[in-house]
Amino acid sequence: MGMDNMLSVLDISSSGLSAERIRMNVIANNIANANATETLEGGPYRKENVVFSSVLNKTLKNGDVKGAERLGGVKVQGIVKSTEPFNKVYIPGHPKSDAKGFVDMPNVNIMMEMVDLVTATRSYEANLAVINSSKDMNNRALSIIGK
């Protein structure tokens, strides 16, 4: 494995760590606001989703001017608000209830958020394992060279 490949592995995994950390923060924010019927923008809290995109790096091969693309990791393209409708819950007497007693509640499904949180945690752990394995392989290679 060349030095550029070793750094490429670390770059890809570290970008995954960063992206999954942001995803976990957004999920935690969704869970924390699952019952917020009023926000600064007005109306109930609207669930947020993280949008990822892949990063492609250009590499030169055999003097090729155009270069080849290779995967360079992932980045957070943005955080977008969900367009799903709000949940209508019958709570007569609630300050935000309509004439029929229904309240618009956030479009956050706690169970789905927990599934997403577990998935993000597993992805974070997998990227961390790749970094640790790469570090161990490099340390073993250096110890072989040093003998």
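Can we say residue 79 is surrounded by 12 or more Cβ atoms within 10 Å (Cβ to Cβ), farther than 23 Å from residue 37 by Cα and within 23 Å of the chain's Cα centre (by Cα)?
Criteria not met by residue 79.
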- prompt: Out of (1) at pLDDT below 95; (2) part of a strand (DSSP E or B); (3) touching a Lys or Arg at 6+ places or on another chain (Cβ under 6 Å), what's the single condition that is false for residue 75?
  reply: (3)
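On the given criteria, is residue 107 at pLDDT 90 or above, touching a Gly at 6+ places or on another chain (Cβ under 6 Å) and within 23 Å of residue 25 (Cα to Cα)?
On the way: at pLDDT 90 or above: yes; touching a Gly at 6+ places or on another chain (Cβ under 6 Å): no; within 23 Å of residue 25 (Cα to Cα): yes.
It is false that residue 107 is at pLDDT 90 or above, touching a Gly at 6+ places or on another chain (Cβ under 6 Å) and within 23 Å of residue 25 (Cα to Cα).
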- request: Among the residues of the range 3-62, write down those that are modelled with pLDDT of 90 or more, among the acidic types (Asp, Glu) and surrounded by fewer than 14 Cβ atoms within 10 Å (Cβ to Cβ).
  value: 38
- prompt: Which residue pairs have Cβ atoms closer than 6 Å, lie 6 or more positions apart in sequence or on different chains, and pair a first residue in the range 6-29 that is over 10 Å from residue 127 (Cβ atoms) with a second residue that is charged (D, E, K, R) and part of a helix (DSSP H, G or I)?
  reply: 27/113; 27/116
task: Just need a number here: residues in the range 92-108 that are exposed (fewer than 14 other Cβ atoms within 10 Å of the Cβ), out of contact with any Pro (no Cβ under 6 Å at 6 or more places or on another chain) and of a type outside the set (Asp, Glu).
output: 6
- request: Under 7 Å between Cβ atoms, at least 6 apart or on separate chains: pull out the pairs that start in the range 87-101 with a residue that is assigned to a loop (DSSP other than H, G, I, E, B) and end on any residue that is β-branched (Val, Ile, Thr).
  value: 91/103; 94/103; 96/37; 96/103; 97/91; 97/103; 101/91
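I'd like to verify a number: residues in the range 110-136 that are farther than 20 Å from residue 15 by Cα and in contact with a helix residue (DSSP H, G or I) (Cβ under 9 Å, 6 or more places away or on another chain), how many?
Residues that pass the stated criteria total 3.
The values are calculated or read from the model by the stated rules, or taken from the named source; none is laboratory data. Being a predicted model, the structure only gives us computed values, none of them experimental. Counting neighbours? That spans all protein chains shown, and the Cβs are built from the backbone with ideal geometry, glycine included.
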